[in-house]
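Asks: I have a structure here, written as structure tokens, and I will follow up with some questions on it.
The values are calculated or read from the model by the stated rules, or taken from the named source; none is laboratory data. From a predicted model like this one, the values you see are computed outputs, not experimental measurements. Every residue, glycine as well, gets a Cβ built from its backbone with ideal geometry; the counts of neighbours run over all protein chains shown.
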Amino acid sequence: KKSAVNTSIDLANWMGNLDESKRNTSINFIAIPGSHDSMTYGISRSSQISPDAEDIVKELAKCLNPFVKLIMYGWSVTQSKAVSKQLYMGIRYFDLRVATKEGNPNFYFVHGMYANNIDPALSSIAEFLDAHIKESVILDFQHFYSFNYSDHQRLIDILIKIFGDKLCPRPSDVRSVTLNWMMENNNQVIIIYRNSFARTEPFLWPSNLWPTPWPNTMNVSVLTQYLKEHLAKRPQNTGFVSQCVLTPQTSTVTHNFFSNVRSKCAIPVSRTIIPWIQQQSPPLNVAIADFVEMNNANFPLTVISLNYS
């Protein structure tokens, strides 16, 4: 059955406004909207090519730099709203890819091109959480590029400095973590750290506690089938991410040089995937999408509405 989309939800406070039974439900069975490549709104047409870009792009950029960047820009940006706006739209899961930059001590968000220094965005998340004490977020550090041992140490120090006591310790069983339990312990931030470094700190959750299978397709019906099959067999004792996104292949870009993720990926997905989400009840956990603000934040509204069905 289709659940109705509840358009009266207060998106800035939706977790705090859930009824008690939901707030005492394991966090891996709450429907939580997230953004894919959350920080790419910080990429501009003049941004540098980043270490995660494909080798061919790096080579081409050496001789055709402005042209390559113009094309890359359209295919690197998957979000247009700053993280503070995303939070007010109900987004509570953030997909993060981080890199170093030569001759520069800062860390940057990346997706083919460099976005912003990580500190201001992470600080704005902390500020939002200070003002909304019943809300929690999941920060998923998916990839680390041009990182060595001491870079991981430095990044972890930054996370401790910004979030401090808000950091939720890694549980022995994810099912023991509920929104109420987190609030009682003043924990508002779950950090998934997809690197073996996760074992070094009690507040880093390793990759296996929150699987995120990657559909890697440009075909909407293949995507829908993939999401169905993986959701049906998801583990019950971990979190789970459903990636409601199309992935541009090299041929997509070469046939559509001056197009972009919004028109070729996000719009086709929203037409098909929103109705599919409406038919789920949790086992859907985290669902992520590109351009989460589209159609008056219809994506986060649809996901959050599942918690009322």
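Asks: Could you check region 68-89 and list, in sequence order, the residues that are charged (D, E, K, R) and either in a loop (DSSP other than H, G, I, E, B) or farther than 14 Å from Pro33 by Cβ (or both)?
Replies: Restricting attention to region 68-89, the residues satisfying the condition of being charged (D, E, K, R) are 69, 81, 85.
Across region 68-89, the qualifying residues are Lys69, Lys81.
Asks: Ok, one more. How many residues, within region 42-55, are assigned to a helix (DSSP H, G or I) and touching a residue at least 12 places away in the same chain (Cβ under 8 Å)?
Replies: Qualifying residue count for the region: 1.
Asks: Are there any pairs with C-beta distances below 8 angstrom linking a residue in region 134-145 that is within 14 Å of Phe163 (Cα to Cα) to a residue that is among the aromatic types (Phe, Trp, Tyr) and in a strand (DSSP E or B), with the two at least 6 apart or on different chains, and if so which?
Replies: Val137/Tyr93; Val137/Phe94; Ile138/Tyr93; Ile138/Phe94; Leu139/Phe94
Asks: When only residues in region 185-241 that are of a type in the set (D, E, K, R) and part of a loop (DSSP other than H, G, I, E, B) count, which is surrounded by the fewest Cβ atoms within 10 Å (Cβ to Cβ)? Break it down stepwise before answering.
Replies: To start, the set of residues in region 185-241 that are of a type in the set (D, E, K, R) comprises 194, 199, 201, 228-229, 233-234.
Retained after the next criterion (residues that are part of a loop (DSSP other than H, G, I, E, B)): 194, 201, 233-234.
Working: Arg194: 19, Glu201: 18, Lys233: 8, Arg234: 18.
Top of the filtered list is Lys233.
Asks: Still on this structure: Pairs please, first residue from region 267-278 and without any contact (Cβ under 8 Å) to a residue 40 or more places away in the chain, second anywhere and of a type in the set (S, T, N, Q) and surrounded by fewer than 19 Cβ atoms within 10 Å (Cβ to Cβ), Cβ atoms under 8 Å, 6+ apart in sequence or on different chains.
Replies: Matching pairs, first to second residue: Ser270/Asn295; Ser270/Asn298; Ile274/Asn298.
Asks: Check whether at least one residue in region 286-302 is within 17 Å of the chain's Cα centre (by Cα), closer than 30 Å to Ser84 by Cβ, at pLDDT below 95 and not polar (S, T, N, Q), and report yes or no. First the steps, then the outcome.
Replies: Narrowing region 286-302 to residues within 17 Å of the chain's Cα centre (by Cα): 286-294, 297-302.
Subsequent filtering for residues that are closer than 30 Å to Ser84 by Cβ retains 286-294, 297-302.
If we keep only those that are at pLDDT below 95 too, we end up with none.
No: zero hits.
Asks: Now for a separate question. Counting only residues that are closer than 18 Å to Cys265 by Cβ, modelled with pLDDT of 95 or more and β-branched (Val, Ile, Thr), how many does region 218-252 have?
Replies: Residues in region 218-252 being closer than 18 Å to Cys265 by Cβ, modelled with pLDDT of 95 or more and β-branched (Val, Ile, Thr): 5 in total.
Asks: Restricting region 264-285 to residues that are within 19 Å of the chain's Cα centre (by Cα) and in a loop (DSSP other than H, G, I, E, B), which is nearest to Tyr88 (Cα to Cα)?
Replies: Taking region 264-285 as the starting set, the residues that turn out to be within 19 Å of the chain's Cα centre (by Cα) are 265-267, 269-270, 273-274, 277, 282-285.
Still in the list and also in a loop (DSSP other than H, G, I, E, B): 282-285.
Numbers: Pro282: 23, Pro283: 25, Leu284: 22, Asn285: 20 Å.
In this case the residue turns out to be Asn285.
Asks: Follow-up. Take Leu18 and decide whether it is part of a loop (DSSP other than H, G, I, E, B), touching a Ser or Thr at 6+ places or on another chain (Cβ under 9 Å), within 30 Å of Asn237 (Cβ to Cβ) and not β-branched (Val, Ile, Thr). Outline the logic, then answer.
Replies: Details: part of a loop (DSSP other than H, G, I, E, B): yes; touching a Ser or Thr at 6+ places or on another chain (Cβ under 9 Å): yes; within 30 Å of Asn237 (Cβ to Cβ): yes; not β-branched (Val, Ile, Thr): yes.
Yes: the conditions hold for Leu18.
Asks: Starting from residues that are out of contact with any Phe, Trp or Tyr (no Cβ under 6 Å at 6 or more places or on another chain) and of a type in the set (Asp, Glu), keep the ones in region 14-66 and report whichever is farthest from Val286 (Cα to Cα).
Replies: Glu59
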